[in-house]
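Since the structure comes first, as structure tokens, the remarks are kept for the end.
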């Protein structure tokens, strides 16, 4: 019998959130293993033995330990293709991946926790300055994403069902809310975000309902 997958996660981790959504969309049950980033548990020996990069998420599945969120999504899509996260058309699939990468590679790394801590520690930035930094980069990236969302011909970004792109968009929109980004210039993205909010997979993957969330209990 195959063992239940394990997801090493932190409730407010953007990258972990992406994988939680993908697992929920594909109906894959898993055990949740919390890793407290604020307490530095990702830097301690037990976890670094699992992932030498000292980053989450890590998904242990099929006798393998997988990390990097988009690589995990790709693995799930190959090994558990239904329901699909990517369109069948290869051009549209590439476009969906490109949209996801525009967030995961261009927006998120500039405002993730270790970068913001570095700004505070090495450049003496107070919280208002750190928040302004994050807002700037999120809004700049979302402006390009909005141009893509405006042109969509489907209910969601690249399909009539949520998939790969939404797995990355929704966690970034959660971060946008945390940092007080004005979302009014992005109405097309807002429509997709609202549609996802009504979908059960996004509801069960939401940070606030994770076992290690402060409100969870």
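A few notes on this one:
- Looking across the stretch 43-72 at every residue that is more than 20 Å from the chain's Cα centre (by Cα) and touching a residue at least 12 places away in the same chain (Cβ under 8 Å), the one that is surrounded by the fewest Cβ atoms within 10 Å (Cβ to Cβ) is identified as 62.
- Residue 2 fulfils the conditions (1) assigned to a loop (DSSP other than H, G, I, E, B); (2) farther than 14 Å from residue 65 by Cα; (3) modelled with pLDDT of 90 or more except for a single criterion, (3).
- Test: residue in the stretch 86-101 that is in contact (Cβ under 8 Å) with a residue 12 or more places away in the chain and touching a strand residue (DSSP E or B) at 6+ places or on another chain (Cβ under 6 Å): no
- Residue within the stretch 50-62 that is at pLDDT below 95 and out of contact with any strand residue (DSSP E or B) (no Cβ under 9 Å at 6 or more places or on another chain) present: yes
- Pick from the stretch 142-166, criterion in a loop (DSSP other than H, G, I, E, B) and without any contact (Cβ under 8 Å) to a residue 60 or more places away in the chain, ranking: surrounded by the most Cβ atoms within 10 Å (Cβ to Cβ): 156
- Residues that are in a loop (DSSP other than H, G, I, E, B) and surrounded by 15 or more Cβ atoms within 10 Å (Cβ to Cβ), drawn from the stretch 73-118: 80, 84, 85, 86, 87, 107, 112
- Exclusive hit being in the same structural domain as residue 101 (by TED's automatic domain parsing), surrounded by fewer than 21 Cβ atoms within 10 Å (Cβ to Cβ) and under 18 Å from residue 110 (Cα atoms), set 128, 171, 187: 128
- Meets criteria (over 17 Å from the mean Cα position of the chain (by Cα) and under 29 Å from residue 199 (Cβ atoms)) for residue 29: yes
- Failed criterion for residue 46 (all others in (1) at pLDDT below 95; (2) out of contact with any helix residue (DSSP H, G or I) (no Cβ under 8 Å at 6 or more places or on another chain); (3) in a loop (DSSP other than H, G, I, E, B) hold): (3)
- Of residues in the stretch 167-212 being touching a helix residue (DSSP H, G or I) at 6+ places or on another chain (Cβ under 7 Å), assigned to a helix (DSSP H, G or I) and farther than 23 Å from residue 152 by Cα, the one modelled with the lowest pLDDT: 175
- Test for residue 134: is it surrounded by fewer than 16 Cβ atoms within 10 Å (Cβ to Cβ) and either under 26 Å from residue 40 (Cα atoms) or out of contact with any strand residue (DSSP E or B) (no Cβ under 9 Å at 6 or more places or on another chain) (or both): no
The values are calculated or read from the model by the stated rules, or taken from the named source; none is laboratory data. All values derive from a computational prediction rather than experimental measurement. Please note: Cβ atoms are built from the backbone with ideal geometry, for glycine as well, and neighbour counts cover all protein chains shown.
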